[in-house]
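Student: Below is one structure. I have some questions about it.
Computed from the coordinates by the stated procedures, all read-outs in this text should not be read as laboratory data. In this text, all values refer to a predicted model and were calculated from it rather than measured experimentally. A quick note on method: Cβ atoms are made from the backbone with ideal geometry, for glycine too, and the neighbour counts reach across all protein chains shown.
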Amino acid sequence: MPDLSHVGRRYRAPGQVVSAERVAEYASAVSGADEVYSPGSVPPAFAAVYCLLPSLSAVLADAELGIELAGLIHAEQSFEWPAPVRPGDVVEASAEVASVESKRGMTFVTLDLTATDQSGATVCRGRSLLLLRGAGQ
Amino acid sequence: MTDPAARLEVQPGDTMVPLSRTVSQAQIDAYADASGDHNPIHVDPEFARSVGLPGTIAHGMLDMAILAEAVARWAGAHDRVIELACRFSKPLLPGDTVTCTGRVASVDHAAGTATLQLEATSSRGERVLTNGRAVVRLAG
């Protein structure tokens, strides 16, 4: 279970290619039975794919930190997009443990996310609040 | 839908055009494949029940993606959405219709942006996404 000693840990995810095919598959999934809105452009929430999930995978892979997928609740999410993401971009995402707090038998972990494109420009910043069942030390 | 080239003329108190979407298990499965998030609480009803859920639930990020689309449609383009935040308050279940609503809270003419307050409710009357907030560019 994460504790205060883990605050400041950083995780770097492998680069993600924002391919037109992946964007189209994602946009179609979000649209469901409706027509895709603005096909060809990258929906803002595609940040889940190029930023949140890759960096979260890197965080979950740290056995010392000890966050397990079972019992993990995604409680809050925010994103900012300082520059647009376009099909063909290669995006590298990273996460930093911003805070860890235990209360009411739960552990609250805040992750700060950053994604940069192939030119080094920051294309997305995010903050995730995760709730874990069980309290730390 | 707003013309993508047009400048958005909005005032505090204006309401966003709502977006409603019925989310099926097939759509949740497609989202799991498209996003790479195969957490079994979204795709395996037996597993979901074993952890105390009524059954599978939609990914919070799918709910947020529909909220983001509502804002983008209203603003005129995906890349006019420059900030988005929400709390995942209640799960959306397969078969539910989610309705995203919003209201302009403030307009910053110098920055050329508007801030919206947002919410998403389910057809079962549950507040799925709360504390929603977006910042959109009014032009360009």
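Student: Who wins for biggest fluctuation among A:S102, A:S119, A:S41 in a Gaussian network model of chain A, springs between alpha carbons below 10 Å?
Tutor: Looking only at A:S102, A:S119, A:S41, the biggest GNM fluctuation is shown by A:S119.
Student: Taking the Cα atoms only, what angle lies between the long axis of helix B:25-35 and the longest principal axis of chain B, rounded to 10 degrees?
Tutor: In chain B, helix B:25-35 runs at an angle near 70 degrees to the longest axis.
Student: Give me a single rounded figure for A:46-57: the average over its residues of other chain Cβ atoms within 10 Å of their Cβ.
Tutor: Other-chain Cβ atoms within 10 Å of each residue's Cβ, averaged: 3.
Student: Treating only the Cβ atoms of Lys and Arg (+1) and Asp and Glu (-1) as charged, compute the dipole magnitude of the stretch A:4-133 about its Cα centre; round to the nearest 20 debye.
Tutor: For the stretch A:4-133, the charge dipole is close to 380 debye.
Student: For the charge dipole of chain A, defined by +1 on Lys and Arg C-beta atoms and -1 on Asp and Glu C-beta atoms about the Cα centroid, which residue among A:P39, A:V123, A:Y26 has the Cα displaced farthest towards the positive pole?
Tutor: Farthest along the dipole direction, towards plus: A:V123.
Student: Count neighbours as other Cβ atoms within 10 Å of each site's Cβ, and list the GluC sites (Glu not before Pro) in the stretch B:1-92 that are DSSP loop with at most 16 such neighbours.
Tutor: B:E9
Student: Strictly greater than 25 Å: what percent of every Cα pair in the protein assembly as shown meets that?
Tutor: The proportion of pairs with Cα distances above 25 Å equals 45 percent.
Student: For chain A, which longest stretch is free of loop sites, where a loop site is one of the GluC sites (Glu not before Pro) that DSSP puts outside H, G, I, E and B and that has at most 11 other Cβ atoms within 10 Å?
Tutor: It works out to A:65-137.
Student: Scan the stretch B:16-124 for trypsin sites (Lys or Arg not before Pro) in coil per DSSP, keeping those whose Cβ has at most 12 other Cβ atoms within 10 Å, and list them by number.
Tutor: Counting only loop positions with at most 12 other Cβ atoms within 10 Å, the trypsin sites (Lys or Arg not before Pro) in the stretch B:16-124 are B:R124.
Student: So, one more: Relative to the longest principal axis of the C-alpha atoms of chain A, give the angle of the C-alpha long axis of helix A:20-31, reported between 0 and 90° and rounded to the nearest 10°.
Tutor: Between the helix axis and the principal axis of chain A, the angle is about 70 degrees.
Student: Which whole-Hz couplings ³J(HN,Hα) result when phi for each residue of the stretch B:49-62 is put into the Karplus expression 6.51 cos²θ - 1.76 cosθ + 1.60, θ = phi - 60°, listed in order with x for Gly and Pro?
Tutor: 5, 5, 9, x, 8, x, x, 5, 10, 5, 4, x, 5, 5
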